[in-house]
Amino acid sequence: MVDLDAKEFVGIKKKVMGQKEALNFLGKCDLLYVRANGLYLNQEKVLDFLNYKDIYNYILNSSFLSEYDLCYIRHLPPMSFSYFNFLRGIKKNPNLKVILEIPTFPYYGERSNAQSVKNKLNFYLDQFCFSKLISQYIDHIVTFNYFEDTVFGIENIKLVNGISESQMPLIKKEKSNLKEINILAVSTLVSWHAYDRLILGLNEYKDKGLNEYTIKLHFVGEGPERNNLENLTNDLSLNEFIYFYGYKNGDELEEIYGESDIGVSSLGLFKKGGAGDSLKAKEYMLAGLPIIVDENEKYYLGKEFVLDIPSNGNPIDLEQVVKFYNSITSQGSEIREFCLENFSWNRQIEKLLEIVEK
């Protein structure tokens, strides 16, 4: 569980609220979630808590679980003793189907980032103990990893990170006629997005004396990698062509989208094992923007408004980006329509329920 009001989890909040909206469209869904000052059921605060164990005990000691047919849990590793006992306790209701969503799988590589001895121990217990036993208490597992057919011995229901039509209006209806290409990256600025590849690519583009198109990079978001990206920009004297906006939303964000020509997804999937499914790529398409994606984001490949780049640490070839941009014939409305037809949360939840109800 994460605080859905925190800025750093804005992407998670969009995803969770999109899933809730789709479930309510197809039935009835209540959302139990954490905010900074407590545990909430929809909009009502139901518990002040000191730790997650308090939350688990509250749920297990409440009677409301008997009202539901389905319990959908968003899993954040590692699995602790109290969390494992919580899953075991929920399954005492034989009529309740339990679905565990694992947003990133496999996740054992994250063990090296664990900050405390307790957290490291929980990762080991998760990998070598709890994950071996969990199939007794979980009916279905959902991941966004299309390489794995089973997870913890349970069939993997492979979904994609969905979107809601209301998440983003159509902003970019047609291509600009200016000899300028504005590339947009909206994300938490972390190392595994490898946005340094864009900056290094722009430096190579400038060094070659290519000037038919002016290329500018726009980074929206905060994160631990921002200082490194800004320092790289300064070192290469590219400040005239690269902009850092910090966190933006609402009208300010839409204005930046309106000035952009291409959206760029994560460029560092090779740092996370290769597989990936970016929510941000879909938001760009909702806005009507063509996209640049890692070649391992296979859901979009083959579309003329999608440029897939090699999954490595090399600078992005911006000459190739210019050729790609000039080849696009699709209008913004067509890009948006493709996105909604294939990646809406309604479609993803329909797929999930079809499997669960078999």
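I'd like to check something: does the range 97-108 contain any residue that is more than 27 Å from Leu353 (Cα to Cα) and modelled with pLDDT under 90? The answer is yes; a qualifying residue exists. For the range 320-335, the condition holds for no residue, the condition being that it is under 18 Å from Val190 (Cβ atoms) and of a type outside the set (D, E, K, R). In summary, helices (runs of 4 or more DSSP H) completely within the range 254-358 and bearing 2 or more residues that are over 16 Å from the mean Cα position of the chain (by Cα) and either farther than 17 Å from Ser176 by Cβ or not assigned by TED's automatic domain parsing to the domain that holds Gly27 (or both) occur at 318-327, 332-343, 345-356. Does Tyr284 count as more than 21 Å from Phe244 (Cα to Cα) and of a type in the set (Ser, Thr, Tyr)? No, not satisfied.
Determine whether Leu87 is closer than 24 Å to Ile138 by Cβ and part of a strand (DSSP E or B). Steps first, please.
On the way: closer than 24 Å to Ile138 by Cβ: yes; part of a strand (DSSP E or B): no.
It is false that Leu87 is closer than 24 Å to Ile138 by Cβ and part of a strand (DSSP E or B).
For Leu159, the conditions (1) touching a Lys or Arg at 6+ places or on another chain (Cβ under 8 Å); (2) of a type in the set (A, V, I, L, M, F, W, C); (3) surrounded by fewer than 19 Cβ atoms within 10 Å (Cβ to Cβ) are fulfilled apart from (3).
Of all residues in the range 298-322, those that are in contact (Cβ under 8 Å) with a residue 24 or more places away in the chain have Cβ atoms under 9 Å from Cβ atoms of residues that are assigned to a loop (DSSP other than H, G, I, E, B) and among the basic types (Lys, Arg), 6 or more apart or on another chain, in Glu319/Lys208. Counting only residues that are touching a residue at least 60 places away in the same chain (Cβ under 8 Å) and closer than 24 Å to Asn93 by Cα, the range 119-153 holds 3 of them.
If you go through the range 209-235 and keep only what is in contact (Cβ under 8 Å) with a residue 40 or more places away in the chain and either among the charged types (D, E, K, R) or in contact with a His (Cβ under 6 Å, 6 or more places away or on another chain) (or both), you end up with Glu212, Glu222. Of all the residues in the range 167-199, those that are of a type outside the set (Lys, Arg), touching a helix residue (DSSP H, G or I) at 6+ places or on another chain (Cβ under 8 Å) and closer than 21 Å to Ser260 by Cβ number 18.
Taking the range 169-182 as the range and being within 11 Å of Tyr325 (Cα to Cα) and touching a Leu at 6+ places or on another chain (Cβ under 7 Å) as the test, no residue passes. Of the residues examined, Leu189 is one that is surrounded by 17 or more Cβ atoms within 10 Å (Cβ to Cβ), aliphatic (A, V, I, L, M), in the same structural domain as Asp294 (by TED's automatic domain parsing) and within 29 Å of Leu217 (Cβ to Cβ). Per the listing Lys179, Lys282, the residue uniquely without any contact (Cβ under 8 Å) to a residue 60 or more places away in the chain and among the basic types (Lys, Arg) is Lys179.
Determine which member of the set Tyr68, Tyr107, Tyr58 is buried (at least 17 other Cβ atoms within 10 Å of the Cβ) and within 28 Å of Gly18 (Cα to Cα).
Working: Tyr68 fails: buried (at least 17 other Cβ atoms within 10 Å of the Cβ); Tyr58 fails: buried (at least 17 other Cβ atoms within 10 Å of the Cβ).
It is Tyr107.
The set of residues in the range 22-77 that are of a type in the set (D, E, K, R) and either at positive phi or outside any helix (DSSP H, G or I) (or both) comprises Lys28, Asp30, Arg35, Glu44, Lys45, Asp48, Asp69, Arg74. Among all positions in the range 321-328, there is no residue which is in contact with a helix residue (DSSP H, G or I) (Cβ under 8 Å, 6 or more places away or on another chain) and charged (D, E, K, R).
Run down Ile99, Ile181, Ile141, Ile157 and say which single residue is assigned to a strand (DSSP E or B) and assigned by TED's automatic domain parsing to the domain that holds Tyr257. Break it down stepwise before answering.
Values: Ile99 fails: assigned by TED's automatic domain parsing to the domain that holds Tyr257; Ile141 fails: assigned by TED's automatic domain parsing to the domain that holds Tyr257; Ile157 fails: assigned by TED's automatic domain parsing to the domain that holds Tyr257.
So the residue among Ile99, Ile181, Ile141, Ile157 that is assigned to a strand (DSSP E or B) and assigned by TED's automatic domain parsing to the domain that holds Tyr257 is Ile181.
The values are calculated or read from the model by the stated rules, or taken from the named source; none is laboratory data. Computed from a predicted model, the values in this text were never measured in an experiment. Note: ideal-geometry Cβ built from the backbone for every residue, glycine included; neighbour counts use all protein chains shown.
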